[in-house]
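Derivation of every value follows stated rules applied to the coordinates shown; laboratory data play no part. Please read all numbers here as calculations on a predicted model, not as lab measurements. Cβ: placed from backbone, ideal geometry, glycine included. Neighbour counts: every protein chain shown.
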Amino acid sequence: MADQSDNVQRAATIAVLVENEAGVLARVIGLFSGRGYNIDSLTVAPVDEHGRLSRITIVTTGTEMVIEQIKAQLDRLVPVHKVSDLTLEGPHLTRELALIKVVGKGEHRMEALRLADAFRARVVDATTESFVFEMTGSGEKLDAFINLMRPIGLAEVSRTGAVAIVRGTSSLTA
Amino acid sequence: MSPQTLQAASATSSLTGAEIVLRALKEQGVDVIFGYPGGAVLPIYDAIFQQNAIRHILVRHEQAAVHAAEGYARSTGKVGCVLVTSGPGATNAVTGLVDALLDSIPIVCLTGQVPTHLIGNDAFQEADTTGITRPATKHNYLVKDITKLAETVHEAFYVARAGRPGPVVIDLPKDILIGKGPYKEAPKAEHRSYRPQVEPDMAQVRKAVAMLKAAKRPIVYAGGGVINAGPEASELLTKFVRMAGLPCTNTLMGLGAYPASDPQFLGMLGMHGTYEANLAMHGCDVMFNIGARFDDRVTGRLNAFAPNSLKIHADIDPSSINKNVKVEVPVVGDAASVLRAMIAAWQDEPAQQDKQALATWWRQIDEWRGKKCLAYVQESKIIKPQHAVRRLYELTRESGKETFITTEVGQHQMWAAQYFGFEKPNHWMTSGGLGTMGYGLPAAMGVQIAHPNALVIDIAGEASILMNIQEMATLAQYRLPVKVFILNNQYMGMVRQWQELLHGGRYSESYSAALPDFVKLAESFHGVGMRAESTDDLDRVIKEMIAIDRPVIVDCAVDEKENVFPMIPSGAAHNEMLLAPGQEGGVAGVTDEGKVLV
């Protein structure tokens, strides 16, 4: 009698602790492509002192049933230690880093600097005709800044995708 | 060096990679490997040559090696072991691996690989085996460090059998097999990350029991998970179903988990399930699914599946729960553990069943049974395939021999499932999830290796059998008295049936033209060939076949026009079954949406 017509989509930020071994990322990505799940962003890096564990942060969207499936499917991969749906865990921080190259002269250049200042983007490279800004923040904040740069010389963007962590004392450990 | 340290040194560092592999296999209880040699695995074959603990069965194609290991695994409950070479050896094995993945069969497949320094160079017989088999296995490994070799083999066996079983590949570069390294015994410690839940949460079990006790129209729907949980799980299922007085249906994979002759058994459910099983599923108010996965062959159209029911789903794999069908009470655990807990909770639960409602429900089920959906008329001398399977069943029972049945895929498979009664688990091996034609003969080989004195019969079709017919040579070499019983209707019968029902009778490419003479074919492979052309021949041929202690092919000519009924057309619901001509009911046409489905 369960409601089968549950079509409401939600976003989920999922943190996955995995063995830092060859092929583990391919397993996770293959799972998503093989089963037709969305990946909005995915980041990965070793996180423990011995480099044995990596943390993958995946942002995805789907119905409640699909997101539950994604978590169950991730959890049964052999090298996966823990799967945590941060969206359900409660308040959490999400951050993304972007490097943004703006090329231009004169007033455009000044405007880019003024906006970067307002957004607390740092200048990490400069020539007489370009800046590279480094910016950290939520995806929305990065989007807003990048959109402002478009008409004044946006040339290139490199973004990391989201990393996330739960607020407070609770921690995700293997 | 003191004697102790000398001993320690010899135990830890004097073995070649190939020797380490064999020693680990032995420690894991392997007594037989199905395989095919090649350049990259020659060191292992050399090591096999120099020992007697593990027997090697030389197949004629690597796909057959995996199916044989599946037959071995399914009939014994042990992990099946396969050894193939790199490149084409590994790629040929892929079909078998996916077959084992979809049917949750524990397999460890060792594949050779080019030496580590050549990996990625497009070397001779190089394939990216771990890349290719990643979605084809439960897990896979590429061993690049000989000090990790022994533990990898041990872990592979653990992963293959733990939780929901499945196939595991270990890719072994040739330099690792030749190099020397330490042997390590299987670890006693828990696996660092893969620890499936075996014991169920008792609160969930109590909820399930309360729900089942309150049911007016309950049903138990049991699948291959019960078989995989070992023979005890089948005994517990039988005990539970009987003590609770519930109707029970089995999936294709679950046949044998509940005795077919039991009055509470409704037969198989699903696309070619019985009328009573499917209508009971459709009409139930509480469904207890144990070890089945709401496969599309079982559910039919999802939004019309058991529409007024509360569902309990017990499975060892949490990802099987709420995948296709949302359930009210999920129970994660091994089928035997869940059933043991259910029996205990049932006895503890003070609430009583509504006996009156249950009696009404059974009357309704008996009415459905009255339809006799599996009835057929054997009127002429042309053998009806159903009759052939029925006689095969009856005559094998009369023979008193322990009988194992494997099948290929298609109409004959469904008739075998419908007309051969299975009283015990582990005696029925069929390719359920992947539907692999060519499965039955090599699987029968594996069963016969594990049960040398049993009667092992591959119920086949004349099309499927040709997909791995080369294994007749393996039967001859090892004197395996496997019986191949071909229901020969000169068509890829299931394809023909769908073309008749869905594609206007345009039998595109489904005629089995230019068939071999199966009698001569059997003889050329050192076996016995027999033909049954009419009902006059049938019993005699079957009896002879059972009596012969050699490989036999029976070419049984059956009615070409016969279709498998009941049938739930794709995209239809359980109450929209098609019945055999002459039986009333079931008028569902196939919708355009249904036509898209396979």
(message) Helix-only estimate, please: 222 nm mean residue ellipticity of chain B, summing -39500 (n - 2.57) across DSSP H runs of length 4 or more and dividing by its residues, to the nearest 500.
(response) -11500 deg cm²/dmol
(request) Answer rounded, prolate or oblate for chain B, using the Cα gyration tensor with square roots of eigenvalues a ≥ b ≥ c: rounded when a/c is under 1.5, else prolate when a/b is larger than b/c, else oblate. (result) oblate
(message) What whole-number distance in Å separates the alpha-carbon centres of region B:227-262 and region B:501-565?
(response) 32 Å
(message) If the reach is capped at under 26 angstrom between alpha carbons, list the lysines near residue B:26, excluding any in the same chain fewer than eight residues apart.
(response) B:78, B:138, B:144, B:148, B:174, B:180, B:184, B:188
(message) Can you tell me the length gained on complete extension of the stretch residue B:210 to residue B:344, counting 0.36 nm per residue apart and subtracting the Cα distance?
(response) 47.0 nm
(message) Just to check I understand the Karplus step: with θ = phi - 60° and J = 6.51 cos²θ - 1.76 cosθ + 1.60, what whole-Hz values come out for region A:13-29, glycine and proline as x?
(response) 10, 10, 9, 10, 9, 10, 4, 7, 10, 4, x, 5, 5, 4, 4, 5, 5
(request) Using packing as a proxy for protection, rank B:318-330, B:153-165, B:406-418, B:479-491 so that the peptide with the highest average count of other Cβ atoms within 10 Å comes first. (result) B:406-418, B:479-491, B:153-165, B:318-330
(message) Within chain B, which whole H helices from DSSP have a Cα span along their axis of at least 18 Å and a mean Kyte-Doolittle hydropathy of -1.0 or more, if any?
(response) B:62-76, B:88-102, B:149-161, B:231-244, B:335-348, B:535-547
(message) Quick check: the distance between the Cα centres of region B:386-430 and region A:67-120, to the nearest angstrom?
(response) 58 Å
(request) Give me the net charge of residue B:173's neighbourhood, meaning all other residues with Cβ under 14 Å from the Cβ of residue B:173; Lys, Arg count +1, Asp, Glu -1. (result) -2
(message) Calculate the FRET efficiency for residue A:155 and residue A:61 from the Cβ-Cβ distance with a Förster distance of 30 Å, rounded to the nearest 0.05.
(response) 0.50
(request) From other protein chains only, count the Cβ atoms within 10 Å of every residue's Cβ in A:66-79, then give the mean. (result) 5
(request) Excluding residues fewer than 8 places away in the same chain, name every one of the lysines whose C-alpha is closer than 17 Å to that of residue B:239. (result) B:213, B:424
(request) May I ask for the angle, rounded to the nearest 10°, between helix A:64-75 and the longest principal axis of chain A, with both axes built from Cα atoms and the value confined to 0 to 90°? (result) 80 degrees
(request) Using amide H atoms built 1.01 Å from N in the peptide plane, name the residues 5+ places from residue B:578, or on other chains, whose amide H lies under 5 Å from its own. (result) B:567, B:568
(request) Within the set of other residues whose C-beta is less than 14 Å from the C-beta of residue B:114, count the net charge using Lys and Arg as +1 and Asp and Glu as -1. (result) -3
(message) Please compute, for peptide B:183-194, the average count of beta-carbon atoms on other protein chains lying within 10 Å of each residue's beta-carbon.
(response) 2
(request) Grab the other residues whose beta carbon is less than 12 angstrom from that of residue B:491, score K and R as +1, D and E as -1, and report the net. (result) -4
(message) Once each part is reduced to its C-alpha centroid, what is the distance from region B:88-143 to region B:270-327 in angstrom?
(response) 34 Å
(request) For residue B:117 paired with residue B:308, estimate the spin-label separation in nm (one decimal), with each label point 7 Å from Cα along the Cα-to-Cβ line. (result) 7.5 nm
(request) Using a Förster distance of 51 angstrom, determine the FRET efficiency expected from the C-beta separation of residue B:378 and residue A:33, and round it to 0.05. (result) 0.50
(message) For the pair residue B:508/residue A:125, report the inter-label distance in nm, with labels modelled 7 Å from Cα in the Cβ direction.
(response) 5.6 nm
(message) Quick check: pseudo-label points 7 Å beyond the Cα along Cα→Cβ at residue A:47 and residue B:454, how many nm apart are they?
(response) 4.8 nm
(request) Rank A:19, A:49, A:134 by mean-square fluctuation in a GNM of chain A with C-alpha springs under 10 angstrom and give only the top-ranked residue. (result) A:49
(request) Please determine, in degrees from 0 to 90 and to the nearest 10, the orientation of helix A:139-149 with respect to the longest principal axis defined by the Cα atoms of chain A, where the helix direction is its Cα long axis. (result) 30 degrees
(request) Give the long-range amide H neighbours of residue B:458: residues separated by 5 or more places, or on another chain, with amide H under 5 Å away, using H modelled in the peptide plane at 1.01 Å from N. (result) B:406, B:483, B:484, B:485
(message) Could you tell me the calculated FRET efficiency between residue B:401 and residue B:232, based on Cβ-Cβ distance and R0 = 25 angstrom, to the nearest 0.05?
(response) 0.55
(message) Going by amide H atoms built from the backbone, whose H comes under 5 Å of the H on residue A:53, apart from near neighbours?
(response) A:20, A:47, A:48
(request) Within 10 Å of each Cβ in peptide B:23-35, how many partner chain Cβ atoms are there on average? Round it to a whole number, please. (result) 0
